[in-house]
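No value in this document is a laboratory result; all are computed from the given coordinates. These numbers come from a predicted model, not from an experiment. Positions of Cβ are generated from backbone atoms using ideal geometry, with glycine treated the same way; all protein chains shown enter the neighbour counts.
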Amino acid sequence: MDILQIASGFTPIPSRLARLAELAYNLWWSWHPTAQELFRAMDEPLWEEVYHNPVRLLREIRQVTLERVARQPEFLRRYHGVLADFDAYMTAQDTWFSRHYPTFGGGPVAYFSAEFGLHEALPIYSGGLGILSGDHCKQASDLGLPFVGVGFLYPQGYFRQQIDADGTQQAIYEKLNFAEVPALPAFDRNGCEVVVEVQLADRTIYAKVWHIQVGRVALYLMDTDIHPNAPPDRHLSARLYGGDREMRLSQEMMLGIGGARVLQTLGIRPAVWHVNEGHPAFALLEYARSLVQAGRRFEEALEEVRATSVFTTHTPVPAGHDVFPFEMIEHFFNGYWKELGLSRDAFLNLGRQDQPWGPIFSMTVLGLRMAGRYNAVSRLHGEVTRRMWHFLWPDQPIEQVPIQAITNGVHTASWLAPEMKALYDEYLPADWLERVDDPAVWEAVDSIPDTALWAVRQQLRRALIEFVRQRMRTHLRRLGAEAWQLESVASLCDRDALTIGFARRFATYKRAYLLFQDIERLKRILNQPGRPVQIIFAGKAHPADEPGKEIIRQVYRHAKEPGLAGHIVFLEDYDINMARYLIQGADVWLNTPRRPNEASGTSGQKAALNGVLNVSISDGWWAEGYNGRNGWTIGQPNDQLDPAAQDAEDSRALYSILEEQVIPMFYERDDQGLPRGWLKMMRESIRSVAPTFSTARMLKEYIDKMYMPAAMRTSKPTVEG
Ligand SMILES: *Cc1c(COP(=O)(O)O)cnc(C)c1O
């Protein structure tokens, strides 16, 4: 047994299977279904119980079970097959990046993010931002881009959602046992555990650094729950987006400043610094400080920082941008500006945003002032963002504000159902996954027979309905339901009915209530004889967002109302695992944000990849993704209407689309029982969305437009036209 196994408290692993431990500690398995199937095959009930976490599996599996599978030739064959794929992946020299940038010898791109959504077993993400970061890392690994991630390993993560009998959301925090997740302490070049320290106001906070391996990419994640931090400071990194403003500022100082020190301690010299959203923007200050400490003047340091850094902004909602009072910044950074060679005022001006009530310190302004390249996350978001931050470039016309747009995408292998993957493997060119962003590859979806495509869609919907019933049983059992109520779950939802999925954060601007504007009309839509429709909702509201929680309560209550019950379900505790069932198993993916508040959104991209059709407001990625033949756009953008009037108009438009187009097309079957029109639209959706809205396309854009110009120190890119 090697040291890794002993340290991890694993069940003794037979020597024939020794490399299972290594496999468990590389999240490569999270986007390679054959690796997951290998773990599942060892003990299926346990695999579900440990929530698809191989580290926990190897800790809890019985020794007799391990020894039994070690004697099964079929298991050993699979084991060696997975390892061969893993080794080929990890040692490949011929990567996309090495082919395109053969002479690049610089350091890695360092990617700072407050959250990383990699897998349900590692609950250190809250939503879209985290999922995007996770997908970005996996794609960097796939392309062979030198890349490291920096963030927090939150011991309590975000929260687990439970819904009370009256629909009230409860936030449950569970402490993650780091020994049970695929994370190991990070060691420096001398073999010492890495601990960094940051001065916050008058105290010093320490953070221990953990290492998570994601294919070829390393993430370094900090945790402050260590000696000798005082108890309140130990909780500094306990939760994602918890606490008050001071807590938030403390977290962000640790994330940015501590994060930059992690890299320094590890001897990593990034070629590019990528600040993902405002939270980690202090990293650029710390980079500048290190240059000043090495003897440069601040202006020179700033020039260097700007030449090598990238800032991505993710929200058009003003309240979504972190700001702090000047006094708080002054208190927490007392002494820091001197180390930058700056006066107090010059320091505060780096993040200064003037409001009618006085100046505040904005993390986005800091990012825009200190980074040299900036981008929004969809074309429409680019327009909104240029308008929003125009005041920083007062001499430029709005169109020339130098904020580019790089539209988000999804990591195909992470979100594609294995059953759909099998179809693509059979009908698309053999190397389709390596060329996933090449539209030509996807022309071949036309060659998938309707019967095969529809069979997979039916299978995925049925798997979703099974999942819904199982989750409802768990929910009802917790609420103390009677036996007959539990039994009635067996007939909840219809395995063959048109199924609409709606899952996202329950913020008011996402307008989950839009479907309920006219209850009688909704009832008619759901209950047409022979054409049943069902809607599955899921999503968390931020624990402090009372209006968001109220919307959940309403949806939950509607789900019990006569005429809606059985057709509407609210599933508690939305996470990556549930997202996979939903975006793979629904027929329609519904998105109803108030335009233009959705920066991009990615769940609809995941859905389209799996043959699910989008019905969405023209916002975020869909404003550029919709081509008139690949789904439906709800209503007309109209920036003149007040919110209530816009809601009324959009909900009417949504009902009409469902009544006149979606439902008839889904239920129009030929003599083989196939919805030919639906299948045609499905093909168009896959073909038009899968290549363009992949992280392969997205990351190559980051590399070409942002990373390489920064790494090569060429002059700043001009504004796109
Ligand atoms: C994809 C995903 C998101 C982001 O999707 P949106 O379209 O922005 O709502 C959020 N949470 C989970 C669990 C996801 O998988």
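If packing is taken as the average count of other Cβ atoms within 10 Å, what order do 42-48, 120-126, 251-257 fall into, highest mean first?
251-257, 120-126, 42-48
Using a simple spin-label model with points 7 Å from Cα along the Cα→Cβ vector, what separation in nm is obtained for residue 62 and residue 18?
Placing both labels 7 Å along Cα→Cβ, they lie 2.7 nm apart.
Quick one: compute a quarter of the convex hull surface over the Cα atoms of segment 1-132 and quote it in nm².
10.0
Any idea what Rg and Dmax come out to for the chain if you just take the C-alpha atoms, in Å?
Using the Cα atoms of the chain, the pair Rg, Dmax is 25.5, 79 Å.
Give me Rg/Rg_expected for segment 273-395, where Rg uses Cα atoms only and Rg_expected = 2.2 N^0.38 Å with N residues.
Relative to the 2.2 N^0.38 Å estimate, segment 273-395 comes out at 1.04.
Whole-Hz ³J(HN,Hα) for each residue in segment 54-66, computed from phi via Karplus 6.51 cos²θ - 1.76 cosθ + 1.60 with θ = phi - 60°, x for glycine and proline: what do you get?
3J(HN,Hα) across segment 54-66, in whole Hz: x, 5, 5, 4, 6, 7, 9, 5, 7, 5, 4, 5, 4.
If you plug each phi of segment 259-270 into the Karplus form 6.51 cos²θ - 1.76 cosθ + 1.60 with θ = phi - 60°, what whole-Hz ³J(HN,Hα) values come out, in order, with x for Gly and Pro?
Values, residue by residue: x, 5, 6, 4, 4, 4, 4, 7, x, 9, 10, x Hz.
Sum -39500 (n - 2.57) across every DSSP H segment of at least 4 residues in the chain, then divide by the residue count to get the 222 nm mean residue ellipticity, nearest 500.
Here the helix-only value at 222 nm equals -11500 deg cm²/dmol.
Output the relative contact order of the chain, whole-number percent, from Cα pairs under 8 angstrom with separation of 6+ residues.
Answer for the chain is 12 percent.
If we sort 555-566, 400-411 on the protection proxy, mean other Cβ atoms within 10 Å, highest first, what's the order?
Put in order of decreasing packing, that is 400-411, 555-566.
DSSP loop (so not H, G, I, E, B), at most 12 other Cβ within 10 Å: list which trypsin sites (Lys or Arg not before Pro) in segment 1-92 pass both filters.
62, 71
May I ask you to work out the translational diffusion coefficient for segment 157-206 at 20 °C, viscosity 1.002 mPa s, via Stokes-Einstein with Rh from the Kirkwood sum over Cα pairs, reported in whole µm²/s?
143
Segment 66-206: D in µm²/s via Stokes-Einstein (Kirkwood Rh, Cα pairs, 37 °C, 0.692 mPa s)?
171
Once phi is turned into ³J(HN,Hα) by the Karplus curve 6.51 cos²θ - 1.76 cosθ + 1.60 with θ = phi - 60°, what whole-Hz value does each residue of segment 352-369 show in order, with x for glycine and proline?
6, 10, 8, 10, x, 9, x, x, 10, 9, 10, 5, 5, 4, 4, x, 6, 7
Sort 425-432, 236-243 by packing, meaning the average of other beta carbons within 10 Å per residue, with the highest value first.
The packing order, highest mean first, is 236-243, 425-432.
Of 208/510; 540/705; 510/560; 175/606, which pairs sit farther than 26 Å apart, going by alpha carbon to alpha carbon?
Cα-Cα > 26 Å for 208/510; 540/705; 175/606; rest within.
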